[in-house]
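Remarks on the structure that follows.
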Amino acid sequence: MSQSIPASARDDAARGPAPLRRKAAEKRALNRAAAGAERAPGGRRRLAILGATGSIGVNTVDVITALGGQERFVIAGLTAQRNAARLAAQAIALGAERAVVADEAAYPELKAALAGSGVEAAAGEAAAAEVAGDAQWVMAAVVGAAGLPSVLRAAESGADLALANKEALVCAGDLLLDAMAAGGGSLLPVDSEHNAIFQCLERDQSHAVERLILTASGGPFREWSLERMRAATPDQALKHPNWSMGAKISIDSASMANKGLEVIEAARLFGMSGEAIEVVVHPQSVVHSAVGYADGSVLAQLGAPDMRTPIAYALGWPERVPAPVERLDLPTLARLDFHAPDLERFPALRLAKEALAAGGAAPLIFNAANEVAVEAYLARKIGFLDIAATIEAALEAAEIPPPAALSDVFIADQAARRVALERVDALS
Ligand code: NAD
Ligand code: MG
């Protein structure tokens, strides 16, 4: 029922995610004025992409290029961890002002690749965060909690924040939402499910929203027995049936920890309780998610499983812009299937819901333990089922107070990682 949306959020939840509603009007006006002053000649919008060389980053570059590239936008900066060759090629192609590798060891390669191009090369976490604070629209596509400092910097700057980096929101939800509110930019969900919900929320009708329906592909092990999953190799887990994505989120999809993170992400973005968020397995990944209303209507967003649609939506918002994606042909699809998730075979989803209900530092612990476990699994130190077991052990063992400031988040994140690592070491 409508009670699931907090009263404070009811009036205008349908206009967009919570931070969008909570923004401080005066701060926003100031930031807009500043952003306007920074606008390049011709009114081109200043963009930055954090994590440009990854799966979402490459798709973002593709969408920007298809829309006209530097004729239409100023690319203030691109960042990556250490893939200097790809980053330099992207920066040159887009005429970026700056390219930054977070890993300083990759700087000499970046500098050499950019020599004579007019693109400034830089390195280090601080330089990467600087890029995040110097644009009007920022794509946050770093993977994991490592993206948090730059995401926060973008939020504080008043930029519109296209958020793919769900881990940042899971481990520091309130901090990020408060930073968005203070900065005055709009938080635009890029994760396909949350972008679908964002598209399906009707203006001024938040009082009538009963539930959010998150669809899940079920991943490569949707029909596997627990016994078979126990022996699953990283190569098998990395083969997602519908989406081509980075390694970490691919493993998360196989374990359904990804859907768990997304339940927490949806609760944070849309101000809904965990009970009002339903997960439905939908193997075709055509219905990207849906919103259920009090009159029984369910509004869903459909499209080809291609991240360029939600990226284009976040870039164009509040207008729709063209995206270079395949169009849906319903007769060819012929059928769409749905079924309830199996929480016994996919305990990570259950654990995420429990972490959301527990509140405090539990979502952060869930995320940190999962990151540690996925890394260990990819390094073939633990088995596939040990990922959820590690998360469960960390949630049980870690006694961490809820973080109130960014420094607390780092301390809590490190503490949770230590507990998870102990467990991983015991298993490997
Ligand atoms: P990826 O592994 O393909 O790319 C990650 C990017 O982050 C790379 O460019 C890497 O260089 C960069 N990076 C890593 N650590 C960094 C650091 N410390 N500083 C700066 N850059 C750093 O990952 P991805 O699949 O593109 O996913 C990115 C985020 O988007 C994740 O949070 C993921 O959950 C989310 N997401 C991805 C998809 C998808 O289709 N790939 C869909 C929905 C959400
Ligand atoms: Mg998703």
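The values are calculated or read from the model by the stated rules, or taken from the named source; none is laboratory data. Bear in mind that the values here come from a model prediction, so they are computed numbers and not experimental data. FYI the Cβ positions are ideal-geometry reconstructions off the backbone, even for glycines, and counts take in every protein chain you see.
Taking the listed residues GLU125, GLU193, the one that is within 11 Å of ligand 1 (Cβ to nearest atom), within 15 Å of the chain's Cα centre (by Cα) and of a type outside the set (A, V, I, L, M) is GLU193, with no other qualifying. Could you run through the range 176-198 and say how many residues are within 14 Å of ligand 2 (Cβ to nearest atom) and in a helix (DSSP H, G or I)? Looking only at that region, the number is 7. Listed here are the helices (runs of 4 or more DSSP H) enclosed by the range 201-284 that have at least 2 residues being modelled with pLDDT of 95 or more and over 17 Å from LEU356 (Cβ atoms): 226-230, 234-238, 247-255. Could you tell me whether the range 229-240 includes any residue that is under 17 Å from ASP191 (Cβ atoms), in contact (Cβ under 8 Å) with a residue 24 or more places away in the chain and surrounded by 23 or more Cβ atoms within 10 Å (Cβ to Cβ)? No, the conditions are met nowhere in the range 229-240. Of everything listed in (1) buried (at least 22 other Cβ atoms within 10 Å of the Cβ); (2) within 22 Å of the chain's Cα centre (by Cα), the single unmet condition for VAL209 is (2). Residues in the range 66-106 that are part of a loop (DSSP other than H, G, I, E, B) and on the phi < 0 side of the Ramachandran plot: LEU67, ARG72, GLN81, ARG82, ASN83, ALA96, GLU97, ALA102, ASP103. Considering the conditions (1) surrounded by fewer than 23 Cβ atoms within 10 Å (Cβ to Cβ); (2) under 21 Å from LYS166 (Cα atoms); (3) touching a residue at least 60 places away in the same chain (Cβ under 8 Å), GLY360 is excluded by exactly one of them, (3). Counted as qualifying within the range 346-426 are the helices (runs of 4 or more DSSP H) with 2 or more residues that are touching a Gly at 6+ places or on another chain (Cβ under 8 Å), namely 347-358, 362-378. Scan the range 151-173 for residues that are away from ligand 2 (no atom under 14 Å from the Cβ) and either free of Cβ contacts under 8 Å to residues at least 12 places away in the same chain or among the basic types (Lys, Arg) (or both) and the total you get is 1.
When the range 190-206 is filtered for residues that are more than 30 Å from ALA379 (Cβ to Cβ), touching a Lys or Arg at 6+ places or on another chain (Cβ under 7 Å) and surrounded by 20 or more Cβ atoms within 10 Å (Cβ to Cβ), only SER206 remains.
One residue alone among SER285, SER250 is free of Cβ contacts under 8 Å to residues at least 24 places away in the same chain and within 16 Å of ligand 1 (Cβ to nearest atom), and that residue is SER250. Scanning the range 196-214 for residues that are within 13 Å of ligand 1 (Cβ to nearest atom) and of a type outside the set (Gly, Ala, Ser) yields a count of 1. Scanning the range 285-295 for residues that are outside any loop (DSSP other than H, G, I, E, B), of a type in the set (A, V, I, L, M, F, W, C) and touching a Ser or Thr at 6+ places or on another chain (Cβ under 8 Å) gives VAL287, ALA290. Listed by first and then second residue, the pairs linking a residue in the range 181-195 that is at negative phi to a residue that is among the aromatic types (Phe, Trp, Tyr) and buried (at least 24 other Cβ atoms within 10 Å of the Cβ), with Cβ atoms under 6 Å apart and 6 or more places separating them unless they lie on different chains, are PRO189/PHE198; ASN195/TYR313. Scan the range 222-234 and give yes if some residue there is out of contact with any Leu (no Cβ under 9 Å at 6 or more places or on another chain), within 16 Å of ligand 2 (Cβ to nearest atom) and basic (Lys, Arg), otherwise no. Yes. Of the candidates ALA105, ALA146, the single residue that is at pLDDT below 95 and surrounded by fewer than 21 Cβ atoms within 10 Å (Cβ to Cβ) is ALA146.
For the range 366-388, the count of residues that are exposed (fewer than 14 other Cβ atoms within 10 Å of the Cβ) and modelled with pLDDT under 95 is zero.
Only one of the numbered conditions (1) closer than 27 Å to SER250 by Cα; (2) in a helix (DSSP H, G or I); (3) out of contact with any Cys (no Cβ under 9 Å at 6 or more places or on another chain) is violated by ALA112, and that is (1).
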